[in-house]
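What follows draws every value from the coordinates through simple rules; no lab data is involved. Since the model is a prediction, treat every value here as computed from it, not as a measurement. Heads up, the Cβs are rebuilt from the backbone with ideal geometry, glycines too, and the neighbour counts pull from every protein chain shown.
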Ligand SMILES: CC(C)(COP(=O)(O)OP(=O)(O)OC[C@H]1O[C@@H](n2cnc3c(N)ncnc32)[C@H](O)[C@@H]1OP(=O)(O)O)[C@@H](O)C(=O)NCCC(=O)NCCS
C-alpha cells in the first residue's frame with residue numbers, strides 16, 4: 001500500500017512518535033538519497049518507525065543494508081528490544097525483518113464504522129462527556145495505560161494541535177481528531193483500571209456517537225487482537241479494516 005506523506009505529516013510523526021532524527025539514517029547512491037530509516041528510542045526500547053527504498057532500486061540490497069545499520073545504531077544506544085510494524089501483505093518487508101531475527105509479537109488491527117447504529121435509549125448520548133486538556137488525558141494514560149501498549153498509543157503529545165480529548169465521568173478517556181465534517185479518527189481510548197470489565201468502554205463509544213453524530217469513525221491499526229479495546233469496538237459494531245504485525249527483535 002503506497003503511503004504519501006508530506007513535510008507536515010513527517011513533522012507530526014517525528015514529534016508524536018519520538019523519532020530521533022539524529023539517529024535516523026539516509027541511504028545515498030550516486031549523490032542522491034535513495035532510502036531512509038526513521039528510528040526512535042524510549043528507555044530500553046527502540047523502534048524502526050519507517051523505512052523505505054526508492055522503488056526503482058529495490059531488490060538490490062539497500063533495504064538489508066539500512067535495516068542492519070538501524071539495528072546497530074539502536075544497539076549502540078543500549079536498547080534491549082526493537083519493535084516495528086509491518087502491514088499484512090507486505091511480504092518483502094516481513095521477509096527482510098524475519099531474516100534479521102525479528103519475530104511477530106502480536107497482530108494490531110484497524111477498525112471502522114460507517115455510521116452509528118440506531119440508539120435504543122432516549123438518553124441524549126454525548127451528554128456525559130466533558131472536554132479535557134490533552135495534557136490531563138496524557139496524565140490519565142500514564143496512570144492507567146497498560147505497560148505493553150503499542151508504541152503509538154503509549155504517549156499523547158499535542159504535536160500538530162488537531163487532537164481533542166474527552167472524559168466520561170473521570171473514569172474513561174478518549175482522544176480523537178476530526179479530519180473532515182464527515183469523519184472522525186479515534187486515536188485512543190482508556191478506562192480507569194478500577195472500572196474495567198463493566199461496559200465503560202462501550203458506553204464511551206456510544207457517547208462519542210452522540211458528540212459527533214453521523215460521522216464515519218476510523219481507528220488506526222494499533223488495537224491488539226484479543227484485548228479489551230478490540231472487544232469494545234466489535235461490540236459497538238465497528239468492523240476490522242487492516243491488520244499489521246508488530247514484530248520484535250531482542251537485542252543481544
Ligand atoms: C521493504 C524494503 C525496504 C526492502 O528494501 P530492498 O532494498 O528492496 O531490500 P533488499 O534488496 O535489501 O532485500 C532484503 C530482503 O528483503 C526481502 N525482499 C526484498 N524484496 C522482496 C520481494 N519482492 N519479495 C519478498 N522478499 C523480498 C528478502 O528477504 C531480501 O533478502 P535477500 O537479501 O536474501 O534477497 C522495500 O521493499 C521498500 O522500500 N518497501 C516499501 C516501504 C516499506 O514497505 N517499508 C517497510 C515498512 S515497515
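Counting only alpha carbon atoms, the long axis of helix 134-144 and the longest principal axis of the chain meet at about 80°. Taking the number of Cβ atoms within 10 Å of each Cβ as an exposure proxy, the fewest-first ranking of 245, 234, 99 is 99, 234, 245.
Let me know the shape class of segment 110-243, please: from the alpha-carbon gyration tensor, a ≥ b ≥ c as square roots of the eigenvalues, rounded when a/c is under 1.5, otherwise prolate if a/b is greater than b/c, or oblate. It comes out rounded by the Cα gyration axes.
Computed with the Debye formula from one identical point scatterer per Cα of segment 1-85, without solvent, the log10 of I(q)/I(0) at q = 0.12, 0.13, 0.21, 0.25 Å⁻¹ comes to -0.35, -0.42, -1.04, -1.31. A protection proxy built from the mean count of other Cβ atoms within 10 Å ranks the segments 174-180, 108-114, most packed first, as 108-114, 174-180. Segment 205-252 and segment 1-64 have Cα centres spaced 26 Å apart. Of all the options 91, 147, 17, the one that moves most in a Gaussian network model of the chain with Cα springs shorter than 10 angstrom is 147. Ordering 195, 217, 173 from the fewest to the most neighbouring beta carbons within 10 Å gives 195, 217, 173. Highest mobility in the GNM of the chain, judged by mean-square fluctuation with C-alpha springs under 10 Å and restricted to 27, 39, 168, is found for 27. Rounded to the nearest 10 degrees, the inclination of helix 7-16 to the longest alpha-carbon principal axis of the chain is 70 degrees. Comparing 139, 29, 115 in a Gaussian network model of the chain, where Cα atoms under 10 Å apart are tied by springs, the biggest mean-square fluctuation is seen for 29. Under 4 °C and 1.567 mPa s, how fast does segment 206-247 diffuse according to Stokes-Einstein, given a Kirkwood radius computed over C-alpha pairs? Answer in µm²/s, whole number. Reported coefficient: 112 µm²/s. Sorted ascending by nearby beta carbons within 10 Å, beginning with the fewest, 33, 167, 243 become 33, 243, 167.
With a/c under 1.5 counting as rounded, go ahead and sort the chain into rounded, prolate or oblate using the C-alpha gyration tensor (a ≥ b ≥ c being the square roots of the eigenvalues; past the cut-off, prolate if a/b is larger than b/c, else oblate). Verdict is prolate for the chain.
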